[in-house]
1. Condition first: within 9 Å of chain A (Cβ to nearest Cβ) and buried (at least 24 other Cβ atoms within 10 Å of the Cβ). Now tell me which residues in the stretch C:80-91 satisfy that.
2. Does the stretch A:444-468 hold any residues that are among the polar types (S, T, N, Q) and surrounded by 15 or more Cβ atoms within 10 Å (Cβ to Cβ), and which are they?
3. Quick test for you: out of A:Pro424, A:Pro479, pick the one residue that is at pLDDT 95 or above, surrounded by fewer than 24 Cβ atoms within 10 Å (Cβ to Cβ) and in contact with a helix residue (DSSP H, G or I) (Cβ under 8 Å, 6 or more places away or on another chain).
4. Conditions: (1) of a type outside the set (D, E, K, R); (2) in a loop (DSSP other than H, G, I, E, B); (3) open to solvent by less than 10 Å² (accessible area, probe 1.4 Å). A:Ser11 meets all but one. Number of the miss?
5. Which of the residues belonging to the stretch A:30-55 are in contact with a helix residue (DSSP H, G or I) (Cβ under 8 Å, 6 or more places away or on another chain), over 21 Å from A:Ala224 (Cβ atoms) and assigned to a loop (DSSP other than H, G, I, E, B)?
6. Taking the stretch A:30-47, which residues are open to solvent by 60 Å² or more (accessible area, probe 1.4 Å) and among the charged types (D, E, K, R)?
7. If you take the residues of the stretch A:190-245 that are assigned to a loop (DSSP other than H, G, I, E, B) and of a type in the set (Val, Ile, Thr), which of them is nearest to A:Val406 (Cα to Cα)?
8. Just to be sure, is C:Glu214 more than 9 Å from every other protein chain (Cβ to nearest Cβ), at pLDDT 95 or above and at negative phi?
Amino acid sequence: MSTAVETRLNSRVPTGPLPDQWTKCKNELKLVAPNNKRKFHVIVVGSGLAGASAAASLGELGYNVTCVTIHDSPRRAHSIAAQGGINAAKNYQNDGDSTWRLFVDTIKGGDYRSRESNVYRLAEVSGNIIDQCVAQGVPFAREYGGTLANRTFGGALVSRTFYCRGQTGQQLLLGAYSALMRQVSAGKVKVLPRREMLDLVVVDGCARGVVCRNLVNGQMETYAGHAVLLCTGGYGNVFYLSTNAKGCNVTAAWRAHRRGAYFANPCYTQIHPTCIPVHGDYQSKLTLMSESLRNDGRVWVPKEKGDQRKPTDIPEEDRDYYLERRYPTYGNMVPRDVASRAAKERCDAGYGVGSTKMAVYLDFSRAIEEQGEDAIRRKYGNLFDMYEKITDDNGYKTPMMIYPAVHYTMGGLWVDYHLQSTIPGLFVLGEANFSDHGANRLGASALMQGLADGYFIIPYTVGHHLASQSLKPVTEAHPKFKETMIDARSRIESILAVSGTRTVTDLHRELGKIMWNRCGMSRNAEGLEAALTEIKELREEFWRTINVLGSGEAFNQNLEYAGRLADFLEFAELMARDALERKESAGGHFREEYQTEEGEAKRDDENFCHVAAWEYQGDDSPHTLHKEHLDFQNVELTTRSYK
Amino acid sequence: MSWVTAALRSSVGKKFVMGITGLFLCGFLVIHLAGNLLLYIGDGTVYNEYAHKLHSNPILLFVAEVILFAGFLIHIYLAIVTNRENRAARGVRYAVKKTKREDRTVNLFGWTPDTTMFASGAVILGFLVVHLSDFKFGDIVHGERIAGLEPADKARILMSDAIRAGIYLVGSIFVGIHVSHGFWSAFQSLGVNHPKYNDWIRKVGIAFAIIVAVGFGSFFVWGISGGEVDPAVEEAPVGSSSVLETAPPRPDQYTQK
Amino acid sequence: MPAHKQLNLTLRVWRQPDAGSRGEFRDYKLYSVSPEMSFLEMLDVLNEQLLEEGEEPVAFDHDCREGICGTCGVVINGQPHGPMQGTTTCQLHMRNFEDGDLIVIEPWRASAFPVVRDLVVNRSAFDRIIQAGGYVSVRTGQAPDGNAILVPSPDQAGAMDAAACIGCGACVAACKNASAMLFTAAKVSHLAQLPQGEPERKQRALQMIATHDEEGFGACTNTYECEAACPAEISVSHIARLNREYSKAMLTARQ
């Protein structure tokens, strides 16, 4: 078992009243002189909202920036898939919103497992993000008078979500991408597409470069710099099936972790309740539909197990609207984690519908009756179309079938207030870090965090690092680069050398099943213990039986995929261990042993009001656990209730 | 590179000029057709009058012809250049290629007016050579068969040949096909696209194409049937070729028949 | 869910080891394909089969598999993204095919999109077109309050229509001239309809078209195949706007 260390991680949170902390911090940061900025080189890994905005902003300041991305273009990063919107405490609606309210909502939504200072800063810069994006030409929805429009989102009593139809993530990413392209044409940023970071180069304890594989020709490339920014997204694909893009992976974060960056709260994963259910063994990916559907849709299952009738033939009295039954106040609008668990509970009890019995109905018949089909079409037309495209079912005529799916991961590399990891010079942004969402993320907050980190935080804190450390000149010729590159290459060679019988997809699917069943929507000690054994066995199975054809010196997607799975197989174990260690239920982490009599999550603030940051100790030694205690001086710890 | 050459070398600039010359040539077609239709009035006299008036001011005629010629030349030149560039832009051809447009009305085994503009243009160019050799340089090409005759009679004689008339029919149809895309397409190239007017531009384009094809094509029917040639005219003396250049039209010539 | 029977298919797939090699078509038989599969899931199944048979899998680009990232895209029986309108390859389902079908699968064909491997092409030319001016030059932190810039709702809607482009390249693949005019127009039109785009509008149109041409894309001849193939259903009216922007800039830009 792992050893818990009670060392206090230095989170570098400024002292003083919460609202003044970020200003105070900025005032105390060291600056790099304008003429000296061009002497520094920053490496940004990833080109999503966090990566693109950081690379563009740093380039603009005068730093030399290299941005590597696994995609063929920076614009493809998975930030693009976010539908709903982005929160900002603008109070344009005059409904009493404020930085404070956004801060409190986010802390509460995260089930009191995030750092107050970080969250407050996020709320504080949220307004600047909107201004910045508007100035870039992001076509946010407008009122008839030309002012910005807002919509309401879960977990808030004010209307503060800015949106671009159902494609907010796309438009924000394209905004950041355009800023990035502008810096490329100005010669300040170099974008290297189709490069995968395989390792971090640490020289004298500082992050000084990366080893990448050029995915087109398989060549290993090294890039040296004065700081490295990881903006590489989340690890939801450890479950195999998730709403993440196929390319999303943990490799960059995991490799950095193995070089000394602590991994925080890996067990916190968000399960989104309204996704299109799994429909076959071949399925490669799950599709999410905006949670706004629950505003008008009613969730139900038949009262009788195995009811074979068509949903439209099942009369009212034989239907169980279980959310309305269990949570009369919030009904179908309970938060994501609650709705997801309730669906799982019904299906596990045998009331599920559809061919796999792992789905529940989302019924719009009453809304259509009351408001008319046209009104529903205006609100959700694109979602109904998407549903029909995938399932061949008409959601207006027959209830949709939905089931929860893995959507976002709140855990990530541990960072301090400067977004620096435990390796000096290694900064982690966006979903890849653990910082702002605690144990559960509110809707429309992921976009906010990615852009806050990239546009408004990292340009200050990276400068401080560069100005305060006397970094020795290091080039790619430094022996550490060669050494790290050989490590990375040998891993690839050993994958190719196995030439076994099982495909990557096959093994990944198996890992996904273990994680979903044992470390998914609800977890228990027994299952997690079993998972630890099963993951270890599967990892051994991988290294014995993996079958990857072709060469490492060519475009080889199967090889890329195998490398990512190898890292997921290591990471999965830490995730299960973290889930086992956290003997409480909080947000996305639900331990069956720790629930109220009504089956609701039960936090243990006495013993678990901390961030669990794990330190890698080598392949043969268990991880060391470091705890960062979470101080709540500004909000009161309360229990969420949606009854 | 000056801004003019830079603009004209760009893909959009070329299409802009293509559109302008195209519309200019459409305008020419209108005038040309209107003039030709005079053949149907008063047994050729009106047509001849029009033809002679057209030729009465050699300087004006020369300038007009130069402009017209330039319009054709630029249009053709750009067609050749863009066609070459466009083919190079594809590189490797598709083994199978199928349209995703479901709204095309004219579609002959995948051949549609808009995808065959270069081909229809080439046919028209070929036809133009025939046409110019008949009517512009007819006296040289056809020699004594028509030299010196009144314009209407020249037309009658040339069009009485079924093969020749057939060439004119094919030419007319291709001009119609070409402008059925070219007319409204020019508006798009010039940036004129607005939901209020698109439908109208389309409809005018189609009507124009039909009018052009039917209008010019009608001379095929006229040629092989109604446009019968008076034997007396057919056997006109060789020496009268200089009449047109030197003398004003003589009304009595037409009253002979 | 309506019951469908399984499909047996012949796939004729373009195989090309790398940019420098000659490619060729190869035929593969695939049995018992579920009609509920997406087209890419069908290719996944093919690849699993190939791996078992000891043949290297078919390389194809894909990522989000929900129609928004623009990574995927192949020409299916001569049609970019297959037979459905407004649909990316990843959102195309096998229920649109018949048992016994021969499906010819080719990469995007354009000189400006060289093949990387099999069905994967290099679309970085699109990035360079954006680099030429597809942005608003505003420094981070310099922006005025969001509501200081008023945008009439219809203008915002028009800009959003254009900005919805996912950059997949189907327009180039569909165009008989391999022209990227719809892609370029989408960005020019997006920014031309917003006050934020105003200061740089002339240079933007001129430079983006100059780069478009340098990259080796063809010219637009208004066949509107791009619009029909576009999964984001971007209208050709944006090309007309680009033409207007360009000609205005051409005649009035100060340089």
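1. Residue satisfying the conditions is C:Cys90 alone.
2. As a first pass, look at the stretch A:444-468 and keep what is among the polar types (S, T, N, Q): A:445, A:449, A:461, A:468.
Of everything in the stretch A:444-468, those that are among the polar types (S, T, N, Q) and surrounded by 15 or more Cβ atoms within 10 Å (Cβ to Cβ) turn out to be A:Ser445, A:Gln449, A:Thr461.
3. On the way: A:Pro479 fails: in contact with a helix residue (DSSP H, G or I) (Cβ under 8 Å, 6 or more places away or on another chain).
Just one listed residue meets the conditions, A:Pro424.
4. Only one criterion in (1) of a type outside the set (D, E, K, R); (2) in a loop (DSSP other than H, G, I, E, B); (3) open to solvent by less than 10 Å² (accessible area, probe 1.4 Å) is unmet by A:Ser11, namely (3).
5. In the first step, residues of the stretch A:30-55 are kept if they are in contact with a helix residue (DSSP H, G or I) (Cβ under 8 Å, 6 or more places away or on another chain); the result is A:30-32, A:37, A:40, A:42, A:44-55.
Still in the list and also over 21 Å from A:Ala224 (Cβ atoms): A:30-31, A:48-50, A:52-53.
A:Lys30, A:Leu31, A:Gly48, listed by residue number.
6. Listed by number, the residues that qualify are A:Lys30, A:Arg38, A:Lys39.
7. Residues of the stretch A:190-245 assigned to a loop (DSSP other than H, G, I, E, B): A:193-194, A:204-205, A:215-219, A:225-226, A:231-235, A:240-245.
Those still in the list that are of a type in the set (Val, Ile, Thr) too: A:216, A:232, A:243.
Details: A:Val216: 31, A:Thr232: 18, A:Thr243: 6 Å.
Result: A:Thr243.
8. Numbers: more than 9 Å from every other protein chain (Cβ to nearest Cβ): yes; at pLDDT 95 or above: yes; at negative phi: yes.
Yes.
The values are calculated or read from the model by the stated rules, or taken from the named source; none is laboratory data. In this text the structure is predicted, and so the values were computed from the model without any measurement. Ideal geometry is used to build each Cβ from the backbone, glycine not excepted, and the neighbour counts take in all protein chains shown. When the accessible area is computed, the model is the full protein with side chains, heavy atoms only, and any ligands, DNA or RNA have been set aside. Shrake-Rupley method; radii C 1.70, N 1.55, O 1.52, S 1.80 Å.
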